[in-house]
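What follows is a single structure, written as structure tokens, with notes after it.
The values are calculated or read from the model by the stated rules, or taken from the named source; none is laboratory data. Please read these numbers as outputs of a predicted model, since none were measured by experiment. Because the Cβ atoms are built from the backbone with ideal geometry, glycine has one as well, and the counts that use them run over all protein chains shown.
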Amino acid sequence: MSFVHHGRGLLALTGRRPEVALAELERAGEVLVAAGFVNPAVVEWRADAARAQLALGDPARASELAREELELARAFGAPRAIGVALRACAAVEGERRLEHLRAAVEVLRGSESRLELAYALADLGAELRRDDRRSAARERLLEALELAQACGSARLEDFVRDELSALGTRAPRSAASGHDALTPSEARVARMAAEGMTNKEIAQALFVTYKTVDTHLYRAYNKLGISSRRGLREALGSRSESATRSTR
């Protein structure tokens, strides 16, 4: 149930309804605490609640929540949770924003969360641009763009492109179709399907839902220009053969 409240809170926060977001996020926290879960690696509700409090005009409470999240994350030692907490601190503590974002990028480089690293790099690049450190900003933003494309986050990619445009930098376009347009998750699922695994078997092997597998395959079909899994082996096989020839 905590995940449901957290999800609703994030949707409300994205939709600029901070009051609704805060109520849902605090409810998520109540459920977790009542169940004995205080590790922010489970659900980072405090970090998101801090942003909601800031939007509601309570920076003191926002800072308190972000700092509590960071303290707990460091106590448990999970790199992703620490990075998320540092980004929250950066959002609510303007005078230390660069410091927190640099620390977030550093710690997230040691995690497996490429998407969170992309968000931290994007935030850092945007802040460096506002501070007129154009070269450093461009470097971080280009890295963030590459990661956003690899993770399939169109929303983050749009944000980074806007920031690069403000710098006068033309961002490289991502491949719109073909094998190179596949995200790592889409490519992995497509390969497993091409090998004859059913959607259920793929879901069990990757510890994801059946719907997630179905979504990845649907997107892979569109990018590869095929209509069903029958064309996967040929589409992926031609790519493999092409790569083999290019290395000879």
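Step by step: first the residues of the range 1-24, then only those that are of a type outside the set (D, E, K, R) and over 17 Å from residue 54 (Cα atoms), then the one that is surrounded by the most Cβ atoms within 10 Å (Cβ to Cβ). Which residue is that?
Out of the qualifying residues, it is 6.
Please state which one of 126, 120, 90 is assigned to a helix (DSSP H, G or I), touching a Gly at 6+ places or on another chain (Cβ under 7 Å), crowded, with 18+ Cβ neighbours inside 10 Å and aliphatic (A, V, I, L, M).
None of the other options fit; the residue is 120.
Being under 18 Å from residue 131 (Cα atoms) and under 22 Å from the mean Cα position of the chain (by Cα) is the filter here, so list the residues in the range 162-172 that pass it.
Correct list: 162, 163, 164, 165.
Mind counting the residues in the range 103-112 that are surrounded by fewer than 18 Cβ atoms within 10 Å (Cβ to Cβ) and either touching a Gly at 6+ places or on another chain (Cβ under 8 Å) or not in a helix (DSSP H, G or I) (or both)?
4
For the list (1) closer than 25 Å to residue 87 by Cα; (2) in contact with a helix residue (DSSP H, G or I) (Cβ under 7 Å, 6 or more places away or on another chain); (3) of a type in the set (A, V, I, L, M, F, W, C), I need the number of the one condition that residue 189 fails.
(1)
State which residue is farthest from residue 91 (Cα to Cα) when the search covers only the range 1-45 and only residues that are of a type in the set (A, V, I, L, M) and out of contact with any helix residue (DSSP H, G or I) (no Cβ under 9 Å at 6 or more places or on another chain). Even if it seems obvious, please write down each step before you answer.
Step one: of the range 1-45, the residues of a type in the set (A, V, I, L, M) are 1, 4, 10-13, 20-23, 25, 28, 31-35, 38, 41-43.
Applying the additional criterion that residues be out of contact with any helix residue (DSSP H, G or I) (no Cβ under 9 Å at 6 or more places or on another chain) yields 33-34.
Working: 33: 24, 34: 28 Å.
If we take residues in the range 1-45 being of a type in the set (A, V, I, L, M) and out of contact with any helix residue (DSSP H, G or I) (no Cβ under 9 Å at 6 or more places or on another chain), then 34 is farthest from residue 91 (Cα to Cα).
Output the residues belonging to the range 107-144 that are at pLDDT 95 or above and touching a Pro at 6+ places or on another chain (Cβ under 6 Å).
Of everything in the range 107-144, just one residue is at pLDDT 95 or above and touching a Pro at 6+ places or on another chain (Cβ under 6 Å), namely 107.
For residue 150, state whether it is assigned by TED's automatic domain parsing to the domain that holds residue 80, over 16 Å from residue 87 (Cβ atoms) and surrounded by fewer than 20 Cβ atoms within 10 Å (Cβ to Cβ).
Working: assigned by TED's automatic domain parsing to the domain that holds residue 80: yes; over 16 Å from residue 87 (Cβ atoms): yes; surrounded by fewer than 20 Cβ atoms within 10 Å (Cβ to Cβ): yes.
Criteria met by residue 150.
For the range 223-234, which residues satisfy the criterion of being without any contact (Cβ under 8 Å) to a residue 24 or more places away in the chain and surrounded by 14 or more Cβ atoms within 10 Å (Cβ to Cβ)?
Of all residues in the range 223-234, those without any contact (Cβ under 8 Å) to a residue 24 or more places away in the chain come to 226-228, 230-231, 234.
Once the filter is applied, which keeps residues that are without any contact (Cβ under 8 Å) to a residue 24 or more places away in the chain and surrounded by 14 or more Cβ atoms within 10 Å (Cβ to Cβ), the range 223-234 yields 226, 231.
Looking only at helices (runs of 4 or more DSSP H) that lie completely in the range 1-57, which have at least 3 residues being modelled with pLDDT of 95 or more and either more than 23 Å from residue 77 (Cα to Cα) or in the same structural domain as residue 69 (by TED's automatic domain parsing) (or both)? Break it down stepwise before answering.
On the way: elements: 2-14, 18-34, 45-55.
The helices (runs of 4 or more DSSP H) meeting that bar are 18-34, 45-55.
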